[in-house]
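Taking it in order: structure first as structure tokens, then the write-up.
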Amino acid sequence: MAYDDLREFVRALEKKNELKRVAIEVNPALEITEFADRSVKSGGPALLFEKPTGHDVPVLINAFASMRRMEIALEVDSVEQVARRIYEFLEMRMPEGIIGKLKMLPKLAEAGAFFPKMVSDGPCKEIRRREKFSLDYFPILKCWPEDGGRFITLPMVFSKNPDTGKRNCGCYRLQVYDERTTGMHWQTHKQGAEHYRRMRARGETKRMEVAVAIGADPATMYSAILPLPPDLDEMMMAGFLRSKPVEMVKCETVDLEVPAHAEIVLEGYVEPGELRREGPFGDHTGFYSLEDDYPVFHVQAITHRKNPIYATTIVGPPPMEDFYMGKAIERIFLPLMRLQLPEVRDICMPAEGIFHNLLIVAIRKSYAGHARKVMHAIWGLGQAMFSKCIVVVDEDVDVQNLSEVAWKALNHIDPERDIQFVMGPVDSLDHSSRLPDYGSKMGIDATKKWKQEGFLRPWPGVIAMPKEVKQRVDELWRKAGLK
Ligand SMILES: Cc1cc2nc3c(=O)[nH]c(=O)nc-3n(C[C@H](O)[C@H](O)[C@H](O)COP(=O)(O)O)c2cc1C
Ligand SMILES: [Mn+2]
């Protein structure tokens with residue numbers, strides 16, 4: 001049964017002993033971060049701060065901060081189940097014969113059930129404020145000591161493509177400048193930024209309408225961070241994830257829709273051309289990201305539920321909550337990647353690599369240069385373009401076992417021959433690239449080298465003892481008095 005809203009998710013976490021209510025007063029400036037950081041690093045629960053200093057609105061943090069919580073959020077026993085559902089769904093695309101087509105009908109009916117559903121009113125409008133309102137009402141965190149201010153860190157930012165009218169929802173942080181203005185940190189490669197650019201390219205002088213929802217059912221919240229193709233509606237994806245349409249309601253002052261069960265909605269606009277200094281911010285990388293100029297979000301109305309819950313997260317030295325959200329993406333998107341690259345067996349993006357700094361991929365190698373083909377394909381695949389270092393190994397390597405990867409990959413490379421550098425777009429958060437958003441990437445071909453690749457020496461096999469000897473020694477071991 002799909003969660004209707006954030007509250008139901010909170011109750012589910014609590015019932016499964018995955019959430020701790022904190023009844024004492026804790027300051028949203030730095031102190032909540034320190035609680036959340038300690039909790040995620042020690043395998044602790046999600047936290048619901050009931051008395052953030054100076055506020056009546058409780059703060060929810062770390063609700064997605066473990067694989068178990070990701071499973072509860074997506075209502076599965078393992079996130080691989082989501083991957084399997086997507087795979088089955090995509091597989092149905094090419095049914096053969098009449099039987100195949102008949103089999104497809106229930107799937108199609110299921111597909112229809114994912115589309116968001118418009119409703120005329122919703123709990124997110126229980127309280128409507130157009131005049132007397134302030135962002136200060138919400139316990140917005142100052143996450144880290146050198147942060148440029150307080151940041152809304154887990155928003156669902158809605159905008160429309162001015163050319164196609166299609167909706168996008170992305171999670172882009174908002175730095176609070178004052179009671180009614182924030183930064184709009186959509187990075188240049190993201191869809192919100194694309195909508196903004198297109199508006200400007202069309203010479204639009206009117207304001208770009210934006211709506212921000214904070215806190216909703218977990219599948220809807222999660223869909224905002226998914227690296228979906230442009231113009232694929234995140235709300236449809238959320239409907240798929242929860243197997244129930246997301247109910248959407250029209251905003252009060254802008255021509256956009258938001259999840260009807262959201263806890264908090266900020267409505268407003270971005271003025272074309274208006275930029276303001278944003279940052280610094282203690283970021284996903286574990287370092288402060290540099291200040292930069294970003295558009296400004298003017299809030300013109302706020303609606304929220306009665307007794308809203310403010311959902312947030314912190315990012316910083318890994319692993320943090322974002323690692324678990326990212327790990328689930330790795331698992332869920334593998335079948336999608338394999339649709340285009342069936343030779344891919346598995347991928348791993350370790351916590352230390354902050355998603356895209358390190359992508360290890362195991363392939364079934366079939367031809368000379370295959371590893372390099374896979375690198376280039378990944379660099380051409382949506383947000384995987386940010387992969388700073390791609391290590392390609394043969395399928396006998398368990399990419400989830402970093403010790404095995406390091407051992408085998410380091411043995412298998414002749415660095416000058418097997419490392420390839422390319423130039424291209426890099427993540428906006430990369431502080432080492434020579435220019436913002438543009439720099440080099442590295443691919444390491446750590447597969448076994450073939451004759452067809454000009455490698456003429458013999459390639460040694462890995463050392464392993466035959467099974468019979470192992471079994472015999474199992475017996476002898478005890479006889480020898482060893483444990
Ligand atoms: C906690 C968290 C915070 C994020 N903050 C930002 C951000 O400030 N700016 C940004 O461009 N992407 C941010 N992201 C990543 C985007 O949400 C992600 O790339 C998403 O796929 C973008 O969606 P889009 O392709 O619809 O633009 C954040 C992700 C997470 C998990
Ligand atoms: Mn999108």
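The values are calculated or read from the model by the stated rules, or taken from the named source; none is laboratory data. Small disclaimer: the values here were computed from a predicted structure and weren't measured. When we count neighbours, we look across all protein chains shown, and the Cβ atoms used for this are built from the backbone with ideal geometry, even at glycine.
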Within segment 364-414, residues closer than 30 Å to D231 by Cβ and β-branched (V, I, T) come out as V374, I378, I390
When F421 is run through (1) among the aromatic types (F, W, Y); (2) touching a helix residue (DSSP H, G or I) at 6+ places or on another chain (Cβ under 8 Å); (3) surrounded by fewer than 17 Cβ atoms within 10 Å (Cβ to Cβ), the failure sits at (2)
Across segment 371-405, the tally of residues that are within 16 Å of ligand 2 (Cβ to nearest atom) and surrounded by fewer than 16 Cβ atoms within 10 Å (Cβ to Cβ) stands at 1
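Does segment 229-240 hold any residues that are among the aliphatic types (A, V, I, L, M) and at pLDDT 95 or above, and which are they? Give the derivation first.
First, the residues of segment 229-240 that are among the aliphatic types (A, V, I, L, M): 232, 235-238.
Passing the criteria: M235, M236, M237, A238.
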Reported set for segment 207-229 where residues are assigned to a loop (DSSP other than H, G, I, E, B) and either within 12 Å of ligand 1 (Cβ to nearest atom) or within 14 Å of the chain's Cα centre (by Cα) (or both) is A224, I225, L226, P227, L228, P229
Result of the Cβ filter at 7 Å on segment 319-345, keeping first residues that are away from ligand 2 (no atom under 16 Å from the Cβ) and partners that are part of a helix (DSSP H, G or I) and aromatic (F, W, Y), at least 6 apart or interchain, is P335/Y87
| request: Check whether at least one residue in segment 129-140 is away from ligand 1 (no atom under 13 Å from the Cβ), touching a residue at least 12 places away in the same chain (Cβ under 8 Å), in contact with a Ser or Thr (Cβ under 9 Å, 6 or more places away or on another chain) and over 27 Å from E321 (Cβ atoms), and report yes or no. | output: yes
Q | Yes/no for P259 being at pLDDT 95 or above, farther than 22 Å from E194 by Cα, touching a Ser or Thr at 6+ places or on another chain (Cβ under 9 Å) and not basic (K, R) | A | yes
| Residue check: is E343 closer than 30 Å to K451 by Cβ and surrounded by fewer than 18 Cβ atoms within 10 Å (Cβ to Cβ)? | no
Q.
Just to be sure before I move on: is D430 acidic (D, E), away from ligand 2 (no atom under 16 Å from the Cβ) and either assigned to a strand (DSSP E or B) or surrounded by 18 or more Cβ atoms within 10 Å (Cβ to Cβ) (or both) in the structure I sent?
A. yes
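Residue by residue, here is whether (1) within 16 Å of ligand 1 (Cβ to nearest atom); (2) under 19 Å from the mean Cα position of the chain (by Cα) holds:
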position: T164; (1), (2): yes, no
position: W186; (1), (2): yes, yes
position: H195; (1), (2): yes, no
position: T205; (1), (2): no, no
position: D231; (1), (2): yes, yes
position: D255; (1), (2): no, no
Expected single match for more than 25 Å from S289 (Cα to Cα) and away from ligand 2 (no atom under 16 Å from the Cβ) among A201, A238, A219 is A201
Restricted to segment 234-253 and to residues being surrounded by 20 or more Cβ atoms within 10 Å (Cβ to Cβ) and closer than 14 Å to G122 by Cβ, the residue nearest to ligand 1 (Cβ to nearest atom) is M235
Contact list, first residue from segment 23-42 and farther than 16 Å from M67 by Cα, second anywhere and in a helix (DSSP H, G or I) and modelled with pLDDT under 95, beta-carbon distance below 6 Å, six or more apart or interchain, is none
The one condition Q191 fails out of (1) more than 28 Å from A63 (Cβ to Cβ); (2) within 16 Å of ligand 2 (Cβ to nearest atom); (3) of a type in the set (S, T, N, Q) is (1)
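Being under 16 Å from C169 (Cα atoms) and within 16 Å of ligand 2 (Cβ to nearest atom) is true for just one of P229, P245. Which residue is that?
Answer to the check: P229.
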Counted residues in segment 20-76 being assigned to a loop (DSSP other than H, G, I, E, B), hydrophobic (A, V, I, L, M, F, W, C) and within 22 Å of I264 (Cα to Cα) come to 4
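So if I check each of F281, F287, which one is within 12 Å of ligand 1 (Cβ to nearest atom), of a type in the set (A, V, I, L, M, F, W, C) and under 30 Å from K41 (Cβ atoms)?
So the residue among F281, F287 that is within 12 Å of ligand 1 (Cβ to nearest atom), of a type in the set (A, V, I, L, M, F, W, C) and under 30 Å from K41 (Cβ atoms) is F281.
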If we keep only residues of segment 433-448 that are without any contact (Cβ under 8 Å) to a residue 24 or more places away in the chain and part of a loop (DSSP other than H, G, I, E, B), then the residue surrounded by the most Cβ atoms within 10 Å (Cβ to Cβ) is S433
Reported set for segment 153-204 where residues are acidic (D, E) and under 14 Å from E271 (Cα atoms) is E204
Reported set for segment 177-191 where residues are closer than 17 Å to H298 by Cβ and surrounded by fewer than 23 Cβ atoms within 10 Å (Cβ to Cβ) is Y177, D178, E179, R180, T181
